[in-house]
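Below is one structure; the comments refer to it alone.
The values are calculated or read from the model by the stated rules, or taken from the named source; none is laboratory data. Keep in mind that what you see is a predicted model, and the values were worked out from it rather than measured. Using ideal geometry, Cβ is built from the backbone for each residue, glycine included, and neighbour counts are taken over all protein chains shown. Keep in mind that these areas ignore ligands, DNA and RNA; they rest on the heavy atoms of the full protein, side chains included. Shrake-Rupley method; radii C 1.70, N 1.55, O 1.52, S 1.80 Å.
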Amino acid sequence: MSVPTATASDPLETWVDRLRSQDMPIFSATLAAIGEVAGDEASPTSALGTIILRDAGMTARVLRMANSVFFRGESQRVSTISRAIVVLGFDTVRNIAVSVALIDAFLAGGVRERVAAEMARCFHAAVHARHAASARGDASPEEVFIATLLSHIGEMAFWCFSGEVGQKLDKALRQSKAQPEQVEMEVLGFRLRTLTQKLAREWALPGLVVNACADGVRLDSREALVVAGYRLAVAAEGGWDSERARVAMRDYAKVLRQDIATVTPVVAAHAREAARIAAFYGCEDAAARIPQPTPGSGVAPAEGGDGAEADPLLQLDVARRMTALMAARSASTAVLDLALEGAGRALGADRAVLALVAPNRAQLAARATEGHGAQQLMRHFTFLLAGAPRDALTELVDHGRVIDIDADHVPAPGLPSVARLRAALGERHQILVPLHAQNQVVGVLYIDRAPSRPPFPAGTQDALLHLAQLAGLALDAAAAPRRA
């Protein structure tokens, strides 16, 4: 296969033609079909489903993304593409399909260092941009998310399929002190973001992708959401406590029209959310590259040490940050992450679990864990509910009971059994409180302490219930119909 060079009469067109016909033909054909359906108002919505259903892998991944809390909120699970279109809307499902197809094409091309790095930036940026869109009352934050995710497709496509020319540009970028776009012009004869614009038009991607690549984006525009999210993601790679990151945070706050104190607690949760979403798309390498705030960076919460005691000030700070996330209309998953963090660190627990009840209410299983042996705890915190005999766990889920048992608890006749809980998690001081949303128990917050430590002090149960109540409010808000 011949490789385009910067000596071609029109190097940009040469690259577009190569990607269209040689490196990404299947993706181009899929995009063309989706674009044709989207552009024909007379075309039935079932036509989009037919295109997606041609590829079993795409169908499974589109349904997986459609059922993620990030897109679906807390509404009913969808099991068919046609139902996903009804629940999420034609445009959202189309955009999910486009992003899945694009990532599949890059993964098939062999993800290289710069491709993985660019994917990480785009996932990270997309979560920040979506939050900014939601905070500013944008009618479609999901569209902003997808547009940001696709905002550097030219860069990713180039680095994935560039061969020797890519090696030449990579070397030049590493050695030159000039701006990257200047180096790109010298080596390639065009800027990579111009390639993004060209491909976005070629593949009929949302206009927001094209416009976000333009020079001089206005601060009050939707394009500014994309640009600010990406700048924040890039700046974080140099450390969240770097001057560049602080400047990017200030710029991000201006786009949100909020003060820096309000924005700062949001960012750490979004970095974690970005890594989770990248992994959900199947991009584990990109997920691992997303920089997470660390203690002392001014963004991440303070770490609790081994055997740490409850910290009332940290409890207040966690509750404040959860409230700030809800006020900023962040994804409910970010609030849930903070609830778990507060349960584990602010309350002086050895271990903490956020568990959710399955949609069919047949099982209670851990969604995330904190503390010692977190991965092992993730495997053990799974309990059947359907058909299980009455015990403390079924009472908790069915009737919202609180479980608070000391390490030396002795079962009393007539009380619900804690045998399953003890068998799975050991004999510790354990507190479990229900998480309510939409007038039912949808999850559980769990904390424990080893027998070698003093029991949880008085007031711990109330503090844990407060975190669960805030998390429930976030889930209720996510499930509420969005106003136009």
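Considering (1) of a type outside the set (D, E, K, R); (2) modelled with pLDDT of 80 or more; (3) over 22 Å from the mean Cα position of the chain (by Cα), say which one Ala253 fails and leave the rest.
Every condition holds for Ala253 apart from (3).
Please enumerate the residues belonging to the range 248-267 that are among the small types (Gly, Ala, Ser) and open to solvent by less than 60 Å² (accessible area, probe 1.4 Å).
Of everything in the range 248-267, those that are among the small types (Gly, Ala, Ser) and open to solvent by less than 60 Å² (accessible area, probe 1.4 Å) turn out to be Ala248, Ala253.
Every residue, every condition in (1) assigned to a helix (DSSP H, G or I); (2) modelled with pLDDT of 85 or more; (3) in contact with a His (Cβ under 8 Å, 6 or more places away or on another chain); (4) under 23 Å from Leu356 (Cβ atoms), yes or no:
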| residue | (1), (2), (3), (4) |
| --- | --- |
| Val299 | no, no, no, no |
| Leu313 | yes, no, no, no |
| Met322 | yes, yes, no, yes |
| Leu325 | yes, no, no, yes |
| Val335 | yes, yes, no, yes |
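Looking only at the range 230-242, how many residues end up being of a type outside the set (Asp, Glu) and open to solvent by 80 Å² or more (accessible area, probe 1.4 Å)?
Adding up the residues that qualify gives 1.
Please give the number of the condition Glu164 fails out of (1) open to solvent by 40 Å² or more (accessible area, probe 1.4 Å); (2) under 18 Å from Ala233 (Cα atoms).
Condition (2) is where Glu164 drops out.
Scanning for something in contact with a Phe, Trp or Tyr (Cβ under 7 Å, 6 or more places away or on another chain) and either surrounded by fewer than 24 Cβ atoms within 10 Å (Cβ to Cβ) or not in a helix (DSSP H, G or I) (or both), does the range 135-156 turn up at least one residue?
Among the residues of the range 135-156, at least one is in contact with a Phe, Trp or Tyr (Cβ under 7 Å, 6 or more places away or on another chain) and either surrounded by fewer than 24 Cβ atoms within 10 Å (Cβ to Cβ) or not in a helix (DSSP H, G or I) (or both), which makes the answer yes.
Which number in (1) open to solvent by less than 60 Å² (accessible area, probe 1.4 Å); (2) under 24 Å from Ala437 (Cβ atoms) marks the one condition that Gly426 misses?
Of (1) open to solvent by less than 60 Å² (accessible area, probe 1.4 Å); (2) under 24 Å from Ala437 (Cβ atoms), only one is false for Gly426: (2).
Look at Ala101 and say whether it is under 30 Å from Arg191 (Cβ atoms), assigned to a helix (DSSP H, G or I), at pLDDT 75 or above and open to solvent by less than 70 Å² (accessible area, probe 1.4 Å).
For Ala101, the condition - under 30 Å from Arg191 (Cβ atoms), assigned to a helix (DSSP H, G or I), at pLDDT 75 or above and open to solvent by less than 70 Å² (accessible area, probe 1.4 Å) - is met.
How about the range 395-424: which of its residues are under 23 Å from Ala346 (Cα atoms) and in contact (Cβ under 8 Å) with a residue 40 or more places away in the chain?
Correct list: Val402, Asp404, Asp406, Ala407.
Just the residues that are closer than 24 Å to Ala228 by Cα, of a type outside the set (S, T, N, Q) and either free of Cβ contacts under 8 Å to residues at least 40 places away in the same chain or not in a loop (DSSP other than H, G, I, E, B) (or both), please, taken from the range 193-207.
Of everything in the range 193-207, those that are closer than 24 Å to Ala228 by Cα, of a type outside the set (S, T, N, Q) and either free of Cβ contacts under 8 Å to residues at least 40 places away in the same chain or not in a loop (DSSP other than H, G, I, E, B) (or both) turn out to be Arg193, Leu195, Lys198, Leu199, Ala200, Arg201, Gly207.
Does Ala245 meet the test of being open to solvent by less than 10 Å² (accessible area, probe 1.4 Å) and within 17 Å of the chain's Cα centre (by Cα)?
Considered against the rule, which asks whether it is open to solvent by less than 10 Å² (accessible area, probe 1.4 Å) and within 17 Å of the chain's Cα centre (by Cα), Ala245 comes out as no.
Criterion first (farther than 30 Å from Pro293 by Cβ and open to solvent by less than 10 Å² (accessible area, probe 1.4 Å)) does Leu364 satisfy it?
yes
Could you list, in sequence order, all residues of the range 208-229 that are open to solvent by 40 Å² or more (accessible area, probe 1.4 Å) and part of a helix (DSSP H, G or I)?
Asn211, Arg222, listed by residue number.
Could you tell me which numbered condition Phe190 fails, if it satisfies all but one of (1) open to solvent by less than 20 Å² (accessible area, probe 1.4 Å); (2) over 30 Å from Arg246 (Cα atoms); (3) outside any loop (DSSP other than H, G, I, E, B); (4) modelled with pLDDT of 90 or more?
For Phe190, the exception is condition (3).
Restricting to the range 228-284, name every residue that is closer than 23 Å to Gly216 by Cα and among the β-branched types (Val, Ile, Thr).
Val234, Val247, Val255
What pairs can you find where one residue is in the range 370-394 and free of Cβ contacts under 8 Å to residues at least 60 places away in the same chain, the other is among the aromatic types (Phe, Trp, Tyr), and their Cβ atoms are less than 6 Å apart, with a gap of 6+ or different chains?
The qualifying pairs are Leu393/Phe383.
Between a residue in the range 332-343 that is free of Cβ contacts under 8 Å to residues at least 60 places away in the same chain and any residue that is part of a helix (DSSP H, G or I) and open to solvent by less than 10 Å² (accessible area, probe 1.4 Å), which pairs come within a Cβ distance under 9 Å, given they are 6 or more apart or on different chains?
From the range 332-343, the pairs are Glu341/Ala269; Glu341/Val318.
Select from the range 323-338 the residues that are of a type in the set (Val, Ile, Thr) and buried (at least 18 other Cβ atoms within 10 Å of the Cβ) and write down the one among them that is farthest from Arg257 (Cα to Cα).
Looking at residues that are of a type in the set (Val, Ile, Thr) and buried (at least 18 other Cβ atoms within 10 Å of the Cβ), I get Thr333.
Can you list the strands (runs of 3 or more DSSP E) found entirely within the range 372-484 that contain at least 3 residues being at pLDDT 95 or above and under 33 Å from the mean Cα position of the chain (by Cα)?
Qualifying strands (runs of 3 or more DSSP E): 429-437, 440-449.
Check whether at least one residue in the range 8-17 is within 29 Å of Leu192 (Cα to Cα), at pLDDT 70 or above and among the aromatic types (Phe, Trp, Tyr), and report yes or no.
The answer is yes, given that some residue of the range 8-17 is within 29 Å of Leu192 (Cα to Cα), at pLDDT 70 or above and among the aromatic types (Phe, Trp, Tyr).
Please determine, by comparing only the residues of the range 337-371 that are of a type in the set (A, V, I, L, M, F, W, C) and part of a helix (DSSP H, G or I), which one is farthest from the chain's Cα centre (by Cα).
Within the range 337-371, the match that is farthest from the chain's Cα centre (by Cα) is Ala346.
Being within 18 Å of Tyr446 (Cα to Cα) and open to solvent by 10 Å² or more (accessible area, probe 1.4 Å) narrows it down to one residue among Glu309, Glu341; which is it?
Glu309
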